[in-house]
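Below is one structure, written out as C-alpha cells; comments come after it.
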Amino acid sequence: MAEKEIDSVTGVETTGHVWDGDLKELNKPLPKWWLYTIYATIVWAIGYWILYPAWPLPGGGYTKGIWDYSQRAVVTQEVADAKAAQASYFKKIEETQLEDILKNEELLPFVMAGGAAVFGDNCGPCHGKGGAGSVGYPNLNDDDWLWGGTLEAIEYSITNGIRSGHPEARDMAMPRFGLDGLLKPQEIADTAQYVLSLSGGATDEAAAGRGKQLFADNCVACHGEDGKGNPAVGAPNLADSIWLYGSRLADVERSIVTGRGGVMPSWGGRLDPVTIKMLTAYVHSLGGGQ
Amino acid sequence: MNQTTEATVGQRPMEAYIGRKKIYPKLAHGFYRKVKWAVLVVTLGIYYLLPWLRWDRGPNLPDQAFLLDFANQRLFFGPIEIWAQELYYITGILILSALGLFLVTAVAGRMWCGYTCPQTVWTDLMILVERFWQGDRNARMRLDNGRWTFEKIWKKAGTHISWLLISVATGGALVFYFRDAPTLLVELFTGEAPAVAYAFLAIFTGTTYLLGGIAREQVCIYMCPWPRIQAAMFDRESLLVTYRDYRGEPRAPHKKGQPWDGRGDCVDCKACVTVCPMGIDIRDGSQLECIQCALCIDACNDIMKRVGRPQGLIAYDTFENVEAPVHLAHPKVKLFRPRIVLYSLMMLLVTGIMAAAWMNRSSTDVTVQQDRNPMFVKLSDGSLRNGFTVKLLNKEHHVRGFQLGIAGLEGAKMTVVGFDDPTSTIKVASDNLRALKVLVTVPVAMRDKLKGAATPFQLIVTCAENGDVTHHDLNFRGPDQ
C-alpha cells in the first residue's frame, strides 16, 4: 500500500490513481448521515428476512419468516371479511321474495350493485355489458321474452339454462324444416313471407298468402295461430317488431331452414341461489321485466 | 495553471457548508413582543381548544363544531356543512388564503412569518419553555458551555420533557379534528383508537419536537420555500423591518454625557442581534433569514430610551423612505399600488364567486345519467325506450320526498323501477343518496314526432315539501331517421 497522498489545495486524501499523467481524484468519503442511513437499511433488510418470506430455496420452496406472513392468506382473510360484512344482506335477500326485493329500499341498492357486477362477469360476454344483446343473443332490456319475463321465469332460465344439457333446462328446439326436408325451398320462401306479413313486413303478398296454410300446418303448434309465440316452449312472438336473428327475408328463411335454438349455460351450479336472485332482480330491472 | 496552484498551496478554499451556530435569543420587552405573545395565546388557544367546541346538529350527526369527517366524507364548520362533491369551496378558501398572504406581504412584508406561522409560534413557545428551565440567553450559553453537572442534566431533561409534552399535545390536538374529540381522547388512552390516529399523533409529535424544539430557524432558512418566493412580492413601498442606517451610522459605543454630534444613533450594543431568533444582524440590511418578527425593534427602542435618543432607529419602514433625500419618522404608506390593487381585486373576485356559489348551493343534488349500453331499446310493439339513472341527494337532516316528471316529449310515458306509480312521492333518507332507474318510453304512434337520433326533453324533479323544482335537460335517443 502506497503512502497516503494529501492534496495540498484541499487537504484531502487522493485516491492515489493518476489519469493522463496529472489528473487525480480526491477521496471524499460519503456523508455520515448517508452512510448511517444505508447501515440502517441493511439492518432493516436482515430483520425483514427473519420476519417475512424472503429467500427462494432450491426445490421451489422459500423461507417463510417467523411471522408466517402470506399475501394469499391476507387476501383470503379480506375476502372472508367482505363476505361476512355482506352476510346480513345475503341472509335478508335469501329470506325475501323477489317481488319484495324490488320494493325494498334497503336491499334494492345492494341487489342492483351486486347484480350488475355478477352480470358483467358472467352474462356480459354474450348479452353485452348493458344486456343489449346482439344477433342470436337476446336483448334483455326489451319486453320481448322467449321464455317469459316474470321474475320466476327469469330465475328459472338463469338457474337451469337453455338447452344447456341440465336435466331441468328449457329444452324445446325448432325443427330444421329445410335441412331435414320437411319443407321444400319454395314452401320455405312462402312461409317466410307469411311470417313477415304478421308484422307488416312482407315483400310479396301472393307468396305470403300461399304461406298462410303452410304456417298453419307447421308452425302454429308452437308459435300459435296468430304467430304470437308461446313462452312455455320458448317460441318467439313472430308478430312483433323484435327479431333475434334478423328481420330480412333471407334471415327468416334461414331460421326456417336450419331451425333455431340458442344455448345458455345453467348457472345453478356456478352461482349460489342468492347471487342468482340478485341477478334475476337486476335483469328484471333492466326494463323488460313483467 | 501551475502558478495558480502553487499560489494557493496551504490555503483552504472557503467552506461550502457552514455548521449551524446555536442561537440563544434573549427575551425582548416592548410593544411587538406583547403583540407576539397575544398572537401566540390566540392561535395556540384556537388550535388546542377548537376541537372541543360543541355544536348541536340534531340526532345522528356529530356535535363537534369543527370536524373533518373523512370517514363520512363530510366537513363540518359550525353551521356550515361541506360534502365531498363540494370540496371546491375549500379550494376557494385556499386561493383566498394564498392571495391574502400575497397582499399582506406586499403591504407589510413577512407578517405571516413573523407573527402567525406555526413554525414561528411553536418555536416561540419552545424558547419560552427553554427560558423557564434554563434562564435567559447568558444563562443558557453558560449552561451549554459548562460541564455536565447534575444541575445541567435536570435542566436539560426538564426542557426536553416539557417540549415532548407540548409536542404530544400538539399531535393529539391534530387528530381531534378528524374524529369526535371526547370519544377519541378516551380511545387514545384505552388503545382503541384507529391506527391512523396513533400514526398521525406520532408524526406530529415528532415534527413539533424536531422543528419547533431542535431545528427552529433552520426550517425557515433551509426548508421553507416561502422566503425564496417572497422577494418577488416586496417592492420599494413595502413596510419592512428596517435599520435606518441614515440615522444610525456611523455607529460607535457611547458614554453617558458624550455629545451626539457627528455620529450615528447606533451605540453598537448588539441588543438587536441578541434578541434575534434567526441569529442575524438587522443592520446588515434586508436578508433572506429575516422573518420580520420585529423583536429587534423592541430591543433597540429600549436602548434608545435609555440613551435618550428618539425611538425607531429600527422600525417598519420602506426602501423608498430610507433612500429618500428627506426621511420621515413615520413613512407614508402608499397603498394604491398596482400589486396591492390587483391582489385586492382578485380577492374580491374569488370572494364574490364563492359567495355566489354558496348562495346558489341547493340542499338537493340531482344527477341524471343516461344509459349508454344500449342507448335505446326497441320494444316488441315498436315503441322506443330510454333508460336513465337518476340520483337524488338529500343534504337536509330529515327525510324528504321528491316527485319525478317529464316534459317536452309528446305522448311519452315514464316509469320508475320499484314504483307502481311513477308520480308517487319518492322518499330519500336524511343525508342520503337514492339512485333510481327511470325508463322513458315513446309509443310507436309518437315515434314520428322524434327528431332523429336525439330529441331534447326535460326531467323535472319536484321537492314534495317546499315545491322546489329543478329541470334537467336530456336527450331522448332513437335510431337515425
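The chymotrypsin sites (Phe, Trp or Tyr not before Pro) of segment B:139-194 meeting both criteria, a DSSP state outside H, G, I, E and B (loop) and at most 13 other C-beta atoms within 10 angstrom of the site's C-beta, are B:TRP148.
Its Kirkwood hydrodynamic radius, worked out from the mean inverse distance over all distinct Cα pairs, puts the protein assembly as shown at 35.6 Å. Hydrophobic long helices, here whole DSSP H runs in chain B with Kyte-Doolittle means of at least 0.0 and Cα atoms spread over 20 Å or more along the helix axis, are found at B:31-49, B:88-108, B:118-134, B:150-176, B:338-359.
Scanning chain A for chymotrypsin sites (Phe, Trp or Tyr not before Pro) in DSSP loops with at most 13 neighbouring Cβ atoms within 10 Å leaves A:70-290 as the longest stretch between them.
So what's the gap between the Cα centers of segment A:48-98 and segment B:404-481, to the nearest angstrom? For segment A:48-98 versus segment B:404-481, the Cα centre distance is 46 Å. With 0.36 nm allotted per residue and the present C-alpha distance subtracted, the B:ARG306-B:LYS22 stretch has 99.3 nm of extension available. Rounded to whole numbers, the Karplus 3J(HN,Hα) couplings from phi for segment A:227-240 are x, 8, x, 8, x, 4, 10, x, 8, x, 5, 8, 9, 9 Hz, using 6.51 cos²θ - 1.76 cosθ + 1.60 with θ = phi - 60°, and x at Gly and Pro. Taking every alpha-carbon pair in chain A and binning the separations at 5 Å intervals from zero gives 1, 5, 8, 10, 10, 8, 7, 6, 6, 5, 5, 4, 3, 3, 3, 3, 3, 3, 2, 2, 1, 1, 0, 0 percent. Free of any trypsin sites (Lys or Arg not before Pro) that DSSP assigns to a loop and that have at most 11 other C-beta atoms within 10 Å, the longest stretch within chain A is A:5-269.
By the beta-carbon count within 10 Å of each Cβ, the least crowded to most crowded order of B:ARG216, B:ARG477, fewest first, is B:ARG477, B:ARG216.
Taking the alpha-carbon distance from B:LYS256 and a cut-off under 30 Å, which lysines remain once sequence neighbours fewer than 8 residues away in the same chain are dropped? Answer for B:LYS256, where 30 Å is the Cα cut-off: B:LYS26, B:LYS34, B:LYS270, B:LYS305, listed by chain and number. The simple spin-label model puts a point 7 Å past each Cα toward its Cβ; for B:TRP37 and A:SER88 those points are separated by 5.6 nm. In a DSSP loop and with at most 14 other Cβ atoms within 10 Å, the chymotrypsin sites (Phe, Trp or Tyr not before Pro) in segment B:289-393 are B:PHE336.
Kyte-Doolittle cut-off 0.0, length cut-off 15 Å along the helix's own axis using Cα: show which whole DSSP H helices in chain A pass.
Numbers: long enough: A:32-51 (28 Å, 1.01); A:71-95 (35 Å, -0.51); A:107-122 (22 Å, 1.19); A:185-197 (18 Å, -0.18); A:205-218 (19 Å, -0.67); A:273-285 (18 Å, 0.63).
Qualifying helices: A:32-51, A:107-122, A:273-285.
Over chain A, Cα pairs under 8 Å with separation of 6+ residues give a relative contact order of 20 percent. Just the number, please: Stokes-Einstein D of segment B:303-456 in µm²/s, Kirkwood Rh from C-alpha pairs, 10 °C, 1.306 mPa s. Reported coefficient: 71 µm²/s. Close amide H pairs (under 5 Å, H built 1.01 Å from N) link B:LYS427 with B:PHE402, residues at least 5 positions away or on another chain.
Legend: ranking of residues B:VAL35, B:VAL42 from fewest to most surrounding C-beta atoms inside 10 Å; resulting order B:VAL42, B:VAL35. For segment A:193-258, GluC sites (Glu not before Pro) are listed when DSSP marks them as loop and at most 10 other Cβ atoms sit within 10 Å of their Cβ; the list is A:GLU225.
Taking the radius of gyration and the Kirkwood hydrodynamic radius from Cα positions alone, what is the Rg/Rh ratio for segment B:31-230, to two decimal places?
For segment B:31-230, the value is 1.02.
Compute the distance from the alpha-carbon center of segment B:276-346 to that of segment B:34-108, in whole Å. Here the two parts' Cα centres lie 32 Å apart.
For the residues B:THR389, B:THR364, what sequence is obtained by ranking on other C-beta atoms within 10 Å, fewest first? Show your work: numbers first, answer last.
Values: B:THR389 14, B:THR364 17.
Ranking B:THR389, B:THR364 by Cβ neighbours within 10 Å, fewest first, gives B:THR389, B:THR364.
When all alpha carbon pairs of segment A:1-97 are counted in 5 Å bins from zero, the resulting P(r) reads 3, 9, 9, 9, 8, 8, 7, 7, 8, 8, 6, 4, 3, 3, 2, 2, 2, 1, 0 %.
Since every read-out is calculated from the coordinates, none of them should be taken as a lab result. Source: prediction; values computed, not measured. Positions of Cβ are backbone-derived with ideal geometry, glycine not excepted, and every protein chain shown enters the neighbour counts.
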